[in-house]
Every structure is written in C-alpha cells, then in structure tokens.
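Novice: Sharing a structure with you now.
The values are calculated or read from the model by the stated rules, or taken from the named source; none is laboratory data. As the structure is a prediction and not an experimental result, all values here were calculated from the model. So basically every Cβ, Gly included, is an ideal-geometry build from the backbone, and we count neighbours across all protein chains shown. Heavy atoms of the whole protein, side chains included, go into the accessibility calculation; ligands, DNA and RNA do not. Shrake-Rupley method; radii C 1.70, N 1.55, O 1.52, S 1.80 Å.
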Amino acid sequence: MKNGVQSSSGRVSHGMAGNRVRVVLPSVPVREATLAGLKEQMRSASRAKAQAEAVRVRAAAEYSRRMGQKAAERTLREESGQSANGSRVEVEIAGKLKGLPDTRKAFEDGEITFGHTKIIANTARRVDVDEQELVDRAKNEPVDVFARTARRHEQQKSEDGGLSKLEAQRRARKAGIKTDPSDGMTVLWGRFDPITGTRIKNLLTAKTNQLWRAEDPKDRPTTEQRMADALAELLCRPGGGKKGKKSKTQRADLLLIAHWDTGEQKIRNATLADGTPIPVALFKDMACQGKVVPAIFDTKGRPLWVGLGKRLATPSQRLALIARDRRCVGCGADPAWCQAHHVIPWEADGPTDIDNLVLLCSRCHHQVHDEKWQIRKTPTDKYVLQPPSSRHRQSMSVKTPNRRGRERKRSPD
C-alpha cells in the first residue's frame with residue numbers, strides 16, 4: 001500500500017492467474033479522505049478504468065485477428081455484458097488502433113479514456129490527422145470538449161475546408177415516425193447535419209421557453225414533457241400565433257461566428273454558436289441570408305461589435321455573449337438555457353456591457369446569487385465560475401439584510 005492506494009487482482013482460479021488484470025484501487029474510506037484525497041481517488045480510479053478498458057480492447061483486437069471480427073464481437077458481448085452495438089464499436093476501434101501508436105499508448109497508460117480514443121480513431125479514418133496534437137489535447141480535455149476540438153482539427157486538415165464532410169452529413173440525414181407496440185405511443189426521431197440541427201434546436205428551444213413562461217408555477221410539467229409540447233406546437237400550429245401572426249419568440253435562428261485575420265485580411269475559423277466548425281466558404285454565403293446573424297471577432301477573441309447597455313442585455317448583446325462564451329461559463333450548459341449575468345452587479349453600478357456580462361444557466365445563476373460563487377476571468381480572457389471561500393460557505397445560511405431591513409432577493413440578472 002502506498003499513499004492510500006492498494007492493488008487488487010481479484011480471486012485466482014483455474015490456473016488463469018497470468019491472464020488476470022491487476023487494478024490499482026484507493027484504500028482510504030471516502031468518509032475519512034480529505035477533499036484532495038477524494039479528487040485523487042476519482043483521478044486514480046478513472047485512470048485504472050481506462051487501463052482496464054485498454055487491456056480489453058487489446059484482447060479483442062487479437063481475438064478478432066485470430067477468429068474474425070464477428071466472433072470477437074460475440075465473445076466480447078458475452079464476457080463484458082455490453083450491448084451488441086457497444087461490442088461492435090469496441091472491436092472496430094481495436095482494429096483502428098493498429099495505425100495509431102501514440103493514441104494506443106496514451107490509452108494503455110490511462111492518460112485518455114476510451115471515449116477520447118474512439119474520437120481520434122474515427123477522425124483519423126476520415127482525414128490525415130496530426131495524431132500527437134490530438135493526443136496532447138485529449139489528455140487535458142473532457143470527452144465532450146475534445147469532440148469539438150477533433151471536429152475543428154478535422155476541418156483544418158480537410159482539403160476543401162469541410163465542405164465535403166458537410167455534404168456527406170446532409171446526405172446522411174434521416175427521420176422517422178412509428179408507433180411503439182408496447183404502449184401505443186408515437187415515437188419521432190431524426191438525424192440532421194449541424195446547420196439544420198442548430199436551426200431546429202433554436203426554434204424548439206424558443207417555443208419551449210415560451211411555454212415555460214405561460215405555465216402555472218404550481219403545476220409545471222417535466223422538461224421532457226414541455227419539449228414534447230413545444231414540438232407538437234411547432235409541427236401542428238406553425239407560427240405559434242393567432243390568425244397567422246408570427247410568435248413574438250421567433251428570432252434569428254442561426255448565429256455564425258468567425259475571426260478576422262487582420263494580417264491576411266481574410267475570415268478564419270468559422271463555426272456555429274456551439275463551436276461546431278463550418279466551411280469558411282459557407283459562412284460567407286450564408287452571412288447574406290435572412291435569419292442568419294454573422295458575428296466577427298478579432299484574432300484575440302474580442303468582438304468587433306457589441307450591443308450597448310440598458311438594465312437587461314439587448315438581443316444583440318445576447319448574441320455576442322453566445323458567440324464569445326459559447327455556453328454557461330459554470331457548467332457548460334447550452335446557451336439557449338442561459339441568462340446574461342452582470343459580473344459587477346447592476347446595483348453596484350456594473351454596466352450592461354459585453355465586458356461585464358457572462359452566460360449563466362439558472363442553476364449556476366443561483367450559485368452566484370445565493371451561494372456566493374464568484375465569476376473569474378482567466379489570463380486567456382475566458383470566464384469561469386469558482387466556488388466561494390470556506391469563510392463564505394460558513395456564513396451562507398445567514399441572510400443579509402439590505403438597507404431597508406428586508407432580506408435581499410436574488411437579482412434577475
């Protein structure tokens with residue numbers, strides 16, 4: 001045992017000890033561990049999980065070489081308890097790792113997860129990647145963030161700036177509707193290219209928010225039920241208003257973001273609001289279309305246009321915030337579910353200006369106003385949400401009266 005960590009290989013039987021996987025596990029009970037110790041337990045357990053999965057993938061690759069892919073998929077499913085699809089994907093990735101030595105080593109060392117490994121392998125299948133660059137990024141990014149990194153990398157490496165990939169995604173579009181025989185419910189599903197998908201998501205989110213504002217606070221449906229109602233409204237009553245009038249919640253349904261390279265006098269790094277890369281040629285074409293808002297930034301990420309202030313952020317400022325922050329600066333929630341928050345409060349003379357606003361979802365907004373979490377700006381000009389100091393946590397239960405003696409209520413901004 002060392003530093004509260006012990007190794008365990010389970011029971012040995014049938015003379016198969018040499019085939020058993022030794023896993024390093026934390027030995028200190030969680031209730032006795034410090035916060036630093038708990039973080040280390042999560043880190044070491046995650047690393048051990050990745051290493052164990054790497055052993056399984058390596059074994060699946062060799063089994064596939066000897067007995068064929070179908071036999072390997074069937075055996076992996078039987079021995080791991082995975083679904084048929086999960087086993088198929090794992091065997092396929094196992095085969096792709098033969099040509100990705102840096103990725104395979106990082107995976108076997110527990111430095112990246114199977115999710116990272118799968119993204120790199122699939123990206124390398126489509127374009128000639130810089131493997132070491134992707135592995136280095138994967139070591140420092142969660143899988144969901146790394147997925148966006150890999151998409152940008154793929155576009156940069158593609159010969160046509162991503163146009164062929166977008167066209168392939170459009171050709172792969174599909175949707176369906178069926179009746180679930182078990183309960184008679186109707187099931188609707190679909191897959192769309194990123195641009196079409198963003199349009200659909202924005203319209204659906206706007207309608208969902210409209211329904212939320214109209215609900216009885218004492219009798220709210222679940223989020224899934226509300227979204228189902230919103231989809232039904234959009235499909236069955238397009239426009240959302242009476243006598244053919246458009247709904248007031250309709251807005252520009254697509255925000256395109258790009259950077260202006262002053263030196264070369266050209267647009268670079270065109271993306272959707274969530275960071276999904278799009279071809280620069282498509283950005284230039286779509287920027288002239290209706291219901292599309294182009295946002296141009298300088299190379300340091302500063303917006304070249306901003307909305308100016310009133311008490312609440314203007315629609316233009318909100319678009320600029322989405323373009324800059326991309327998502328909730330606290331938890332990464334979709335910007336459609338976020339509000340514009342004043343870093344320096346309005347009542348403390350904080351201006352309603354782009355440099356004093358950040359995107360926060362409702363949950364993180366409550367953490368700032370009710371639990372004293374703090375907005376901090378990093379050296380790279382990114383905004384992050386940090387927990388309060390221990391002194392603030394100890395006093396969180398104490399209500400702070402304002403000058404009139406009433407309890408201070410959370411500001412809506």
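Novice: Report whether or not R220 is within 21 Å of the chain's Cα centre (by Cα) and either modelled with pLDDT of 90 or more or open to solvent by less than 70 Å² (accessible area, probe 1.4 Å) (or both).
Specialist: So R220 fails the test.
Novice: Check whether at least one residue in the stretch 304-317 is open to solvent by 40 Å² or more (accessible area, probe 1.4 Å) and modelled with pLDDT of 75 or more, and report yes or no.
Specialist: Yes, some residue in the stretch 304-317 is open to solvent by 40 Å² or more (accessible area, probe 1.4 Å) and modelled with pLDDT of 75 or more.
Novice: Just to be sure, is T198 in contact with a helix residue (DSSP H, G or I) (Cβ under 9 Å, 6 or more places away or on another chain), among the polar types (S, T, N, Q) and assigned to a helix (DSSP H, G or I)?
Specialist: no
Novice: Consider only pairs whose beta carbons are under 8 Å apart and that are at least six residues apart or on different chains; among these, list those whose first residue lies in the stretch 64-82 and is within 20 Å of K98 (Cα to Cα) and whose second residue is basic (K, R) and surrounded by 13 or more Cβ atoms within 10 Å (Cβ to Cβ).
Specialist: E73/R88; L76/R56
Novice: May I pose another question? Looking only at the stretch 144-185, count every residue that is in contact with a strand residue (DSSP E or B) (Cβ under 6 Å, 6 or more places away or on another chain), closer than 13 Å to I278 by Cβ and without any contact (Cβ under 8 Å) to a residue 40 or more places away in the chain and tell me the total.
Specialist: Selection size over the stretch 144-185: 0.
Novice: When you go through G176, G184 one by one, which is the residue that is open to solvent by less than 60 Å² (accessible area, probe 1.4 Å) and at positive phi?
Specialist: None of the other options fit; the residue is G184.
Matching residues to (1) open to solvent by 40 Å² or more (accessible area, probe 1.4 Å); (2) among the basic types (K, R); (3) over 22 Å from the mean Cα position of the chain (by Cα):
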| site | (1), (2), (3) |
| --- | --- |
| N85 | yes, no, yes |
| L100 | no, no, yes |
| G115 | no, no, no |
| E141 | no, no, no |
| F146 | no, no, no |
| K157 | yes, yes, yes |
| R171 | yes, yes, yes |
| L188 | yes, no, yes |
| I195 | no, no, no |
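Novice: Only residues in the stretch 32-49 that are without any contact (Cβ under 8 Å) to a residue 40 or more places away in the chain and within 22 Å of N140 (Cβ to Cβ) count as the first member; pair them with residues that are part of a helix (DSSP H, G or I) and open to solvent by 90 Å² or more (accessible area, probe 1.4 Å), Cβ under 9 angstrom, at least 6 apart or cross-chain, and list the lot.
Specialist: From the stretch 32-49, the pairs are L38/V30; Q41/V30.
Novice: Quick check: anything in the stretch 233-244 modelled with pLDDT of 90 or more and of a type in the set (K, R)?
Specialist: no
Novice: Next question, about the same structure. Which condition from (1) exposed (fewer than 10 other Cβ atoms within 10 Å of the Cβ); (2) not in a helix (DSSP H, G or I) is the one that R213 breaks?
Specialist: Looking at each condition in turn, R213 falls short on (2).
Novice: Of all the residues that make up the stretch 32-74, how many are open to solvent by less than 30 Å² (accessible area, probe 1.4 Å) and either outside any helix (DSSP H, G or I) or more than 15 Å from G95 (Cβ to Cβ) (or both)?
Specialist: Within the stretch 32-74, residues that are open to solvent by less than 30 Å² (accessible area, probe 1.4 Å) and either outside any helix (DSSP H, G or I) or more than 15 Å from G95 (Cβ to Cβ) (or both) number 6.
Novice: Hey, could you check the stretch 272-287 for residues that are out of contact with any Leu (no Cβ under 9 Å at 6 or more places or on another chain) and open to solvent by 20 Å² or more (accessible area, probe 1.4 Å) and say which is farthest from R326 (Cα to Cα)?
Specialist: Filtering first and then ranking leaves D285.
Novice: For the stretch 332-375, enumerate the residues that are part of a loop (DSSP other than H, G, I, E, B), small (G, A, S) and crowded, with 17+ Cβ neighbours inside 10 Å.
Specialist: Passing the criteria: only A333.
This table checks each residue for (1) at pLDDT below 70; (2) in contact with a helix residue (DSSP H, G or I) (Cβ under 8 Å, 6 or more places away or on another chain); (3) not in a helix (DSSP H, G or I).
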position: G330; (1), (2), (3): no, yes, yes
position: T380; (1), (2), (3): no, no, yes
position: R391; (1), (2), (3): yes, no, no
position: S397; (1), (2), (3): yes, no, yes
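Novice: Right, something else. Would you please list the contacts, defined by Cβ atoms under 6 Å and residues six or more apart or on different chains, that run from a residue in the stretch 264-284 that is in contact (Cβ under 8 Å) with a residue 12 or more places away in the chain to a residue that is open to solvent by 40 Å² or more (accessible area, probe 1.4 Å) and of a type in the set (D, E, K, R)?
Specialist: G275/R148; G275/R326; P277/R151; P277/R152
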